[in-house]
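Worksheet for the structure shown next.
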Amino acid sequence: MTKRLLTGLQPSGELTIGNFCGGIKQILDYQREYEVFLFVPDMHSITVPQDPETLHRRVREIVGMYLACGVSGEANHIYIQSEILEHANLSWILECHSYMGELSRMTQFKAKSDGKKEIGCGLFTYPILMAADILLYNADCVPTGADQKQHVELARNIAQRFNARYGETFVVPEPLIPKLGAKIRDLQSPDKKMSKSTENKKASIFLNDTEKDIRKKIMSAVTDSGDSVYFDEANKPGVSNLLTIYSVFSQQTLEQTQEHFQGARYGDLKKEVAEVLVEFLTNLQSKYAAVMSSGEVDEVLDRGRDYAREIAAQTYDKVRRLVGFGRV
Ligand code: AQP
């Protein structure tokens, strides 16, 4: 049987090149090998406040971006999380099989709640919803950037715990972390990862950035002391980040990139990184405009919803019987 791969990107902001490297690129790499489930986690987005109109708009835009990037809407199942009610139903059951201790260890929760006076419960429990997203479709693999690896490990633990108690029910998923680009760094604070919901817009390159903005952001990216270009993540995170970005978007290995920039100065590196991004993103943006003016997004989402609903209903029905819900 063809193995299943599942992933989703939250419509919590405009997608960044980090989201492309950790999420979308992996789907492009694997979509011929796996049965792909790609969903829009709109339920995850409201773990932090969202404007409803903007969220509606972004849900469609993100699917347009998946398609513009080259994700096949015909071969893959693309759907919106909130349109499949079993995500929330299964999440509740899994929540009752999870522990406060394991959720408290999630580094993303610590980072997102740091310094906040009021911390929403959803921010704390959302890794369980993520486990439900994965286990509902018995996904074998979950492509993800380094930041989400811990959440996939939690999903594995919950699946194993459930299977041990009720008998083999869920496939135990494996995280699939890219060798290159698993953590694209913030351009202004390279100790942090690049994020779509960053407050400092200069810190992230968004997939819909203008040519002018791309060049400006890359040219003002924080580099490190010294002036020679080489890859050393611990001591030169800013420069290493630019080398990684260049490699991914020029489709070269890190070794080829390092060779290419031997003897170069920071200014040369930045100019070439900006060039490669401008070429990739302007091309992507014209494909995106074409997708958004066609009716493709809704067609793909309707098809994906119908397919996903059937699988989700089967899994949920099995699980609710196992835990003793309703009438047999
Ligand atoms: N900087 C990154 N480098 C590589 N991969 C990344 N991902 C996120 N940031 C980077 C990967 O993108 C996919 C979608 O992520 P998400 O939408 O579920 O949320 P996130 O991980 O919380 O991403 P953001 O951009 O930081 O969103 P906000 O700002 O809303 O929290 C995942 O595969 C993720 O690993």
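The values are calculated or read from the model by the stated rules, or taken from the named source; none is laboratory data. Note that this is a predicted model, so its numbers are computed, not measured. We place every Cβ from the backbone using ideal geometry, glycine too, and count neighbours over all the protein chains shown. These area figures cover heavy atoms from the full protein model, side chains too; ligands, DNA and RNA do not enter into them. Shrake-Rupley method; radii C 1.70, N 1.55, O 1.52, S 1.80 Å.
Give me the percent relative contact order of the range 168-259, please, defined on Cα pairs under 8 angstrom at least 6 residues apart.
Result for the range 168-259 is 24 percent.
Test of understanding: what is the full-extension gain from K318 to R105, defined as 0.36 nm times their sequence separation minus their Cα-Cα distance?
Between K318 and R105, full extension yields 73.7 nm more.
Pairs to check: K202/K271; K192/K287; K202/K270; K216/K271. Give those whose C-alpha atoms are more than 19 Å from each other in this structure.
With Cα atoms farther than 19 Å apart: K192/K287.
Counting heavy atoms of the protein chains only and a 1.4 Å probe, report the per residue accessible area for the range 1-87 as a whole number of Å².
Result: 39 Å² per residue.
Whole number please: convex hull volume per residue, Cα atoms of the chain, in Å³.
145
For the range 115-171 and the range 1-64, what is the separation of their Cα centres, given in Å?
Between the Cα centres of the range 115-171 and the range 1-64 lies a distance of 16 Å.
Contour minus end-to-end for S293 and E118, with contour as 0.36 nm per residue of separation and end-to-end as the Cα-Cα distance?
Computed gain between S293 and E118 is 58.9 nm.
In Å and whole numbers, how far do the C-alpha atoms of the range 162-247 stretch along each principal axis, longest first?
Result, largest extent first: 58, 29, 21 Å.
So for the range 179-328, considering every pair of alpha-carbon atoms, how many percent are separated by more than 20 Å?
The calculated P(r) of the range 179-328 puts 60 percent of pairs beyond 20 Å.
Would you kindly state how much longer the chain becomes between S189 and K202 on full extension, computed as 0.36 nm times their sequence separation minus their alpha carbon distance, in nm to one decimal?
3.6 nm
Within the chain, which whole H helices from DSSP have a Cα span along their axis of at least 18 Å and a mean Kyte-Doolittle hydropathy of -0.5 or more, if any?
Sorted by number, the helices that extend far enough and score high enough are 52-69, 121-135, 237-250, 266-292.
Taking all protein chains in place and a 1.4 Å probe, what share, in percent, of the accessible surface of the chain do carbon and sulfur account for?
Whole-percent figure for carbon plus sulfur exposure: 49.
Going by Cα centres, the range 289-328 and the range 210-230 are how many Å apart?
Their Cα centres are 43 Å away from one another.
Between D227 and D147, what FRET efficiency comes out of the Förster formula 1/(1 + (r/R0)^6) with R0 = 51 Å and r the beta carbon distance, rounded to 0.05?
0.95
By DSSP, what percent of the beta bridges with both residues in the chain are antiparallel, rounded to the nearest 5?
15
Between Rg and the Kirkwood Rh of the range 31-93, both from Cα atoms, what is the Rg to Rh ratio?
Reported Rg/Rh (Cα atoms, Kirkwood Rh): 1.01.
In whole percent, what relative contact order does the chain give with Cα contacts below 8 Å and a gap of six or more residues?
Relative contact order comes out at 22 percent.
Tell me, what are the semi-axes, in whole angstrom and largest first, of the equivalent ellipsoid of the range 77-163 as set by the roots of 5 times the Cα gyration tensor eigenvalues?
21, 15, 14
Average projected area of the Cα convex hull of the range 6-143, in nm²?
For the range 6-143, averaging the hull's shadow over all directions gives 8.8 nm².
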